[in-house]
Amino acid sequence: MPVPFLDLRAQYRSLKEQMDRAVLDVMERCQFIMGPEVARIEEEIARFCGTRFGIGVASGTDALHLSLVAMGLGPGDEVITTPFTFIATVEAVSKTGARTVFVDIDEDTFNLDVDQVADAITDRTKVIIPVHLYGQPCDMTALMEIAQERGVTVLEDCAQALGARHRGRRVGSFGIAGCISFFPSKNLGAYGDGGMVVTSDEALADRLRMLRVHGCRRKYYHEIDGFNSRLDSIQAAVLLVKLPHLEEWTQARRRVADAYNEGFKGSSVHTPVVAEGNEHVFYAYTVKVPRRDEVIAALEKAGVGYAVYYPVPLHLQDCCKALGYGPGDLPVSERLSGEVLSLPVYPELTDAQIEEVVSTVRGALGE
Ligand SMILES: *Cc1c(COP(=O)(O)O)cnc(C)c1O
């Protein structure tokens, strides 16, 4: 039985009538850029995250980049983040001219090791970017305490964790702002690229609204050097149809995760550890396995989808060479990049498919 890693078509089918109507409506009215759908989804996502404002942009990458630009980041500044993330987190920093300082991760949660963050702060540190990896919040209680004590701003990368909570509070509402991606495979995916910054800081929101439209408040009066980075009306319309379902989809993802946890009991598969006080949204269900190559070979043979997020930690990527890191500098990230394996996790997975995944992995390990 084939088990695709992702099945976007199943979700579309379940929403088809409403979705087609919403997209056609935008085409009928032809207000493709900054139409009323954009303001509506900004308001709804901000409310969902528990922030005052949402600013739609063209992608999650731009959400991060424009936020850093809005904060005035530039050459001479340092930004602390994790090497165990998607490259976009670091691209956003390097584009401003600031320097990325990597801090190793916690072995169980795959998120920034907050104790090591404290040691890495210098006079040049302006921002810390925690990434809520795989859908699990970073330890925001400890991180915010350190950041406030040392006068450093926190910008949350929520691309994989929309809706996740730490001690009852949604990610994106802890730091000065939260950056969201609507890339189609994310928990709330558009039908193309899209992103948003959520914040309760009015000055930052104001600056972001200018930055995304060529630096102007009033058309053709350019106050600052800006970008063309907008969430378009069709994507906003798609997201408006989907958002009311996000909570039920998250619950379904958790049920899949629970079923996997049960299925891997007594095996050498290390199932995800959810830290106390966290509500995980399982963008990815990521395990640590011995002999990963053999497990992958078995999955491929059985037609079961998988992903490796991420095979090379960012400090060892070619594009980061100038930062001067080498093998051995961030040992936990380096080791885990050789052990992690993400298995299919989406609301539409059937019990039989879950069983197929479990038995294929266990079989490969001789268990
Ligand atoms: C997906 C992702 C991004 C970038 O989002 P895009 O919308 O693809 O630009 C940034 N950070 C993380 C952790 C991501 O997973």
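The values are calculated or read from the model by the stated rules, or taken from the named source; none is laboratory data. This is a predicted model, so every value here is computed, not measured. In this analysis, Cβ positions are derived from the backbone assuming ideal geometry, glycine residues included, and neighbour counts consider all displayed protein chains. For the accessible areas, the whole protein counts, side chains as well, though only heavy atoms, and no ligand, DNA or RNA atoms are used. Shrake-Rupley method; radii C 1.70, N 1.55, O 1.52, S 1.80 Å.
Can you spot a residue in the range 253-268 that is closer than 26 Å to residue 68 by Cα, part of a helix (DSSP H, G or I), open to solvent by less than 10 Å² (accessible area, probe 1.4 Å) and away from the ligand (no atom under 16 Å from the Cβ)? Don't jump to the end; show me each part of the working.
Looking only at the range 253-268, we keep the residues that are closer than 26 Å to residue 68 by Cα, and these are none.
Scanning the range 253-268 turns up no residue that is closer than 26 Å to residue 68 by Cα, part of a helix (DSSP H, G or I), open to solvent by less than 10 Å² (accessible area, probe 1.4 Å) and away from the ligand (no atom under 16 Å from the Cβ).
In the range 75-93, how many are open to solvent by 10 Å² or more (accessible area, probe 1.4 Å), in contact with a Ser or Thr (Cβ under 7 Å, 6 or more places away or on another chain) and without any contact (Cβ under 8 Å) to a residue 40 or more places away in the chain?
1
Mind checking which residues of the range 332-367 are under 30 Å from residue 14 (Cα atoms) and among the acidic types (Asp, Glu)?
Correct list: 348, 351, 355, 356.
Taking the residues in the range 148-166 that are touching a strand residue (DSSP E or B) at 6+ places or on another chain (Cβ under 8 Å) and in a loop (DSSP other than H, G, I, E, B) as candidates, determine which candidate is farthest from the ligand (Cβ to nearest atom).
Looking only at the range 148-166, we keep the residues that are touching a strand residue (DSSP E or B) at 6+ places or on another chain (Cβ under 8 Å), and these are 150, 152-160, 162-166.
Okay, now just the ones that are also in a loop (DSSP other than H, G, I, E, B), so 152, 158-160, 162-164.
Details: 152: 20, 158: 8, 159: 3, 160: 5, 162: 11, 163: 15, 164: 13 Å.
So the residue we want is 152.
Any idea which of (1) in contact with a Lys or Arg (Cβ under 7 Å, 6 or more places away or on another chain); (2) open to solvent by 10 Å² or more (accessible area, probe 1.4 Å) is the one residue 281 doesn't satisfy?
Condition not satisfied by residue 281: (2).
How about the range 1-30: which of its residues are in contact (Cβ under 8 Å) with a residue 40 or more places away in the chain, open to solvent by less than 90 Å² (accessible area, probe 1.4 Å) and not in a helix (DSSP H, G or I)?
3, 4, 5, 6, 7
Quick one: how many residues across the range 31-56 are aliphatic (A, V, I, L, M) and assigned to a helix (DSSP H, G or I)? Working first, answer last.
We begin by selecting, within the range 31-56, every residue aliphatic (A, V, I, L, M); these are 33-34, 38-39, 41, 45-46, 55.
Subset that is assigned to a helix (DSSP H, G or I): 38-39, 41, 45-46.
The number of residues fulfilling the criteria is 5.
Which ones in the range 285-336 are over 16 Å from residue 91 (Cα atoms), of a type in the set (Lys, Arg), open to solvent by 60 Å² or more (accessible area, probe 1.4 Å) and outside any loop (DSSP other than H, G, I, E, B)?
301, 335
Name the single residue, out of those in the range 31-57 being within 19 Å of the chain's Cα centre (by Cα) and small (Gly, Ala, Ser), that is surrounded by the fewest Cβ atoms within 10 Å (Cβ to Cβ).
50
Being part of a helix (DSSP H, G or I), in contact with a Cys (Cβ under 9 Å, 6 or more places away or on another chain) and either open to solvent by less than 60 Å² (accessible area, probe 1.4 Å) or in contact (Cβ under 8 Å) with a residue 24 or more places away in the chain (or both) is true for just one of 210, 196. Which residue is that? Even if it seems obvious, please write down each step before you answer.
On the way: 196 fails: part of a helix (DSSP H, G or I).
Only one candidate qualifies: 210.
Checking residue 217 against (1) without any contact (Cβ under 8 Å) to a residue 12 or more places away in the chain; (2) out of contact with any Lys or Arg (no Cβ under 8 Å at 6 or more places or on another chain): exactly one of these is not met. Which one?
(2)
For the range 167-180, name all the residues that are assigned to a strand (DSSP E or B) and either open to solvent by less than 10 Å² (accessible area, probe 1.4 Å) or closer than 12 Å to residue 141 by Cα (or both). So that I can check it myself, show each step before the final result.
Of the range 167-180, the ones assigned to a strand (DSSP E or B) are 169-170, 177-180.
Across the range 167-180, the qualifying residues are 169, 177, 178, 179, 180.
Scan the range 348-356 and give yes if some residue there is surrounded by fewer than 20 Cβ atoms within 10 Å (Cβ to Cβ) and in contact with a Ser or Thr (Cβ under 6 Å, 6 or more places away or on another chain), otherwise no.
No, the range 348-356 contains no residue that is surrounded by fewer than 20 Cβ atoms within 10 Å (Cβ to Cβ) and in contact with a Ser or Thr (Cβ under 6 Å, 6 or more places away or on another chain).
Can you say whether residue 240 is in contact with a helix residue (DSSP H, G or I) (Cβ under 6 Å, 6 or more places away or on another chain), open to solvent by 10 Å² or more (accessible area, probe 1.4 Å) and either farther than 22 Å from residue 129 by Cβ or within 16 Å of the ligand (Cβ to nearest atom) (or both), as far as the supplied structure shows? Outline the logic, then answer.
On the way: in contact with a helix residue (DSSP H, G or I) (Cβ under 6 Å, 6 or more places away or on another chain): yes; open to solvent by 10 Å² or more (accessible area, probe 1.4 Å): yes; either farther than 22 Å from residue 129 by Cβ or within 16 Å of the ligand (Cβ to nearest atom) (or both): yes.
Spelling it out, residue 240 is indeed in contact with a helix residue (DSSP H, G or I) (Cβ under 6 Å, 6 or more places away or on another chain), open to solvent by 10 Å² or more (accessible area, probe 1.4 Å) and either farther than 22 Å from residue 129 by Cβ or within 16 Å of the ligand (Cβ to nearest atom) (or both).
Can you find a residue in the range 213-235 that is open to solvent by 50 Å² or more (accessible area, probe 1.4 Å), within 16 Å of the ligand (Cβ to nearest atom) and among the polar types (S, T, N, Q)?
yes
Go through (1) buried (at least 21 other Cβ atoms within 10 Å of the Cβ); (2) over 19 Å from the mean Cα position of the chain (by Cα) for residue 136 and report which single condition fails.
The one condition residue 136 does not meet is (2).
From 47, 40, which residue is within 23 Å of residue 170 (Cα to Cα) and free of Cβ contacts under 8 Å to residues at least 24 places away in the same chain? Give the derivation first.
Numbers: 40 fails: free of Cβ contacts under 8 Å to residues at least 24 places away in the same chain.
Residue meeting the stated conditions: 47.
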